[in-house]
1. Scan (1) polar (S, T, N, Q); (2) at pLDDT below 85; (3) outside any helix (DSSP H, G or I) for the single condition Q183 breaks and write down its number.
2. Quick one: in region 110-161, of everything that is of a type in the set (D, E) and at pLDDT 80 or above, which residue is farthest from the chain's Cα centre (by Cα)?
3. State all residues of region 205-215 that are within 16 Å of I260 (Cα to Cα) and assigned to a helix (DSSP H, G or I); if no residue qualifies, say none.
4. Sort out which residues of region 216-246 are part of a loop (DSSP other than H, G, I, E, B) and touching a helix residue (DSSP H, G or I) at 6+ places or on another chain (Cβ under 6 Å), and write them in order of number.
5. At pLDDT 65 or above and out of contact with any strand residue (DSSP E or B) (no Cβ under 6 Å at 6 or more places or on another chain): which single residue out of I78, I104 fits that description?
Amino acid sequence: MSNPIYSKTNYRKNITLYWQQYLPEYEIPKGYHVHHIKPRCICKQEGWSDEQINHPRNLIVVHPVEHWTLHYCRGDKIVSEFTILAGWDKDRIGKKISKALKKINPKTGLSKGQECALKSANTMKIKDKNGLSIYDKSAIKIRKKSLTKNPESGLTPADIVGAKCYKTRMKINSATGLNSYEQNGINQLGEKNPLFKGWYITPLGKFVNKKEAALMLNLGVNALFSYCKKSERVITHRIVSRSKSKHINEASIGKTFNDIGFGFLKK
């Protein structure tokens, strides 16, 4: 799946492109807002570029009421379409806002922005004859789209994305002659794993995998790990009484784990 080319400034387009990778027919629900998780003015202050500020990882689609609540809970002051962040330089922001927009309606005690948010909240509460609000209808519409099968392929959007991913994973690498699944399987096995650190030495021989070694010796995985990694430890009555392995018995008491054949050989 190729990564879409995101816009520097059009953040609504960016979040739409992101979700269309998983749901090809996705569109932002009518009336919904796109919220910057980290405020734009703070990002600018910290030296973020426009690409970073408006990247989908800093965006979330929310209902107008949820959007207002996010700013309200953060302590921001909403003045019409402008938002003054809590603790931000109000004089600097004030230069961009006309005096008319700062005025509070004496009848309601609210600014224009707050009145719009309350109007949206009231609209959201209104339910039709089926008992559904605008929010409920939007959620149902999105779910219906995600489950609707394409008449040509007979697949849902999720199936189409899954098929594309599978096709990519099954593509043969010309250098190795293996697909991604096979290559990952080889990379994750023992000595070929890039994180492989060494071999577990036991009385039954050398093992690459500690789970396999523990199974052969009738030991817990954590116990085997401890015996091999800390082979200089002296075996006590307590260790023998708790062990089910025939290789750790009363004859081992007073010896070290290294003496009876345990150890760890680094790569």
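The values are calculated or read from the model by the stated rules, or taken from the named source; none is laboratory data. Quantities reported herein were computed from a predicted structural model and do not represent experimental measurements. Here the Cβ positions follow ideal geometry from the backbone for every residue, glycine too, while neighbour counts run over all protein chains shown.
1. The failed condition is (3).
2. Keep residues of region 110-161 that are of a type in the set (D, E), which gives 115, 128, 136, 152, 159.
Next, only the ones that are at pLDDT 80 or above stay: 128, 152.
Working: D128: 36, E152: 33 Å.
Looking at the filtered set, the residue picked out is D128.
3. A213, A214
4. Filtering region 216-246 for residues part of a loop (DSSP other than H, G, I, E, B) gives 218-220, 230-233, 235-236, 243-246.
Once the filter is applied, which keeps residues that are part of a loop (DSSP other than H, G, I, E, B) and touching a helix residue (DSSP H, G or I) at 6+ places or on another chain (Cβ under 6 Å), region 216-246 yields I235, S245.
5. Details: I78 fails: at pLDDT 65 or above.
Going through I78, I104 in turn, the sole match is I104.
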